[in-house]
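Below is one structure, written out as structure tokens, with a few remarks after it.
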């Protein structure tokens, strides 16, 4: 790609805007990309999606990620809510073919008919069996008694008919609602006639929320991190180019979305529309990035991309100092100077002699956490720290209930997440890290999850399921044990082997260095130099970047701990002089 007009005159470096449909605080990959691009001399801005009603400080315009401005964007959910109201009203609609009476009128009529039947019966009984002090019965009382009995029977029959009509209408309503349930169940299992507006209306909400901010920031590169916002990025770039300003899109495909089990997206229909959004816009991106070599091959072939996606592993930054001694990982080295954050062992209140497993991340059946809970029943005396995102996690009570039935609930400790800068030290307090993500789906078999590398950097031996690429990585590097997906007994056996005295520990310093974020920065520099090169006055050679990676904390005041574009220009001038 040729140098974009207006960017080579040294007026300013290219402006890059990164965003995803969630808050940036929990998105370590987006934060690492933003800081790397700032280190390389780009003018970087991050959009942070915030839900309505968040704390005022989260909407502060002064939030920053080091030198990178963080722009809070309050999400609108109007289209999603309108869609829910329309669908709900359609499902609750009642075709009053038999009884059009509203409920309060029905209740009133039933009460009146009951009263009429009761009064006429009492009056008839009073004529037939008068009280001793009631006086003489009126003339022709037999006729009046007969009339009252007729009135009573008519009221009783009307009441019976009234209730029958209401019940028949109720049956019609129930059949109607049941029919909708069957229809919805069948539709969710099929992608036929699925549309973005009808299945994923939140895509339009994201476009409405982010579109105006993207236009205002006037980006030269829009870096989108999910198919839900890819279309928003592509259309914003088109509007920018329509105004005679260069703008390109970079798409970061963190998953093989077509290979994800549909249940992870809710149902087959939502999954199909999500993949369709990716297919619709991915070829409009100037560059595509992904997280593993197999996923890069799949994306290139599936979408016939003109250029194979670049691979940027989803790995944590390595600390500046050495991480391993020849005899094995030294957990004390994981803590950065001045840190006093507790480890998972300290947070769970466990003695150092107690065997402790750790799992950190999302909690769902698709991640194999149910298998991990089942295995805890086979590991007496072993404890498990569950660092869940979010916390408290809605699925954890169900897991603890199952664990209680197995007699293991008192050995499972749900813990809140910590900041990315504290995570490695936090995890290092465990004895074994477990990643039970099952194999079998294309996405799982082609994935090298971020958690795998976090455990590696924390110096923990690993027990992982036999998802293909993850299992190959663990076996090839002697990092731990692999168990068959879905087998609790196999997981328990693997844990026992790793916890056994004398289990071999390999030095990890070289492996950590090769699988650190700093090792990914040259690939990012090469890709961005192709699509939006930095003017010479702002250019930073990736080999000159400080090894110490900046903190990933988002603050409400400017903290400049990496080279900003202006600092990069000064550094460049110093080096050239």
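Things worth noting here:
- Averaging 1/r over each pair of different alpha-carbon atoms in segment 94-188 and inverting the result gives 16.4 Å, the Kirkwood hydrodynamic radius.
- Max-minus-min Cα coordinates of segment 443-524 on each principal axis give 43, 32, 17 Å, with the largest extent listed first.
- Degrees separating the helix 28-39 axis from the principal Cα axis of the chain, which is the longest one: 40
- The Cα atoms of segment 165-272 cover 68, 32, 18 Å along the three principal axes, with the biggest extent listed first.
- Sites residue 513 and residue 89 - FRET efficiency at Förster radius 60 Å, r taken between beta-carbons, to 0.05: 0.55
- Helices in the chain, meaning DSSP H runs of at least 4 residues, each add -39500 (n - 2.57). Divided by all residues, the mean residue ellipticity at 222 nm is -14500 deg cm²/dmol.
- FRET efficiency, residue 96 to residue 391 (Cβ-Cβ, R0 41 Å, nearest 0.05): 0.30
- For the chain, the longest principal axis of the alpha carbon atoms and the long axis of helix 141-188 meet at an angle near 20°.
- Contact order, relative form, for the chain: 19 percent (alpha carbon pairs under 8 Å, 6 or more residues apart, mean separation divided by residue count).
- Contact order, relative form, for segment 94-188: 43 percent (alpha carbon pairs under 8 Å, 6 or more residues apart, mean separation divided by residue count).
- Full-extension gain in nm, residue 107 to residue 351, via 0.36 nm per residue minus C-alpha separation: 81.3 nm
- With respect to the chain, whose longest principal axis is taken over its alpha-carbon atoms, helix 517-531 is tilted by about 90°.
- Take the Cα of residue 114, step 7 Å toward its Cβ, do the same at residue 12, and the gap between the two points is 7.4 nm.
- Normalised by residue count, the chain yields a Cα convex hull volume of 234 Å³ per residue.
- Placing a pseudo-label 7 Å from each Cα along the Cα-to-Cβ vector at residue 496 and residue 526 gives an inter-label distance of 4.7 nm.
- Computed FRET value (nearest 0.05) for residue 213 with residue 468, which takes r as the C-beta separation and R₀ as 35 Å: 0.30
- Residue-span extension gain [residue 76 to residue 57] - 0.36 nm each, minus C-alpha spacing: 5.0 nm
- For segment 324-514: rounded, prolate or oblate by the Cα gyration tensor [a/c cutoff 1.5]: rounded
- Theoretical gain in end-to-end length, residue 301 to residue 182 [0.36 nm per residue, Cα-Cα removed]: 39.1 nm
- Between residue 543 and residue 555, the distance separating the two model label sites (each 7 Å from Cα on the Cα→Cβ line) works out to 3.3 nm.
- Among beta bridges from DSSP that stay inside the chain, the antiparallel ones total about 10%.
- Across segment 2-149, the mean sequence separation of Cα contacts (distance under 8 Å, 6 or more residues apart), normalised by length, yields a relative contact order of 15 percent.
Since every read-out is calculated from the coordinates, none of them should be taken as a lab result. Note that the coordinates shown come from a computational prediction; the quantities given were computed from them, not determined experimentally. Backbone-built Cβ (ideal geometry, glycine too); neighbour counts: all protein chains shown.
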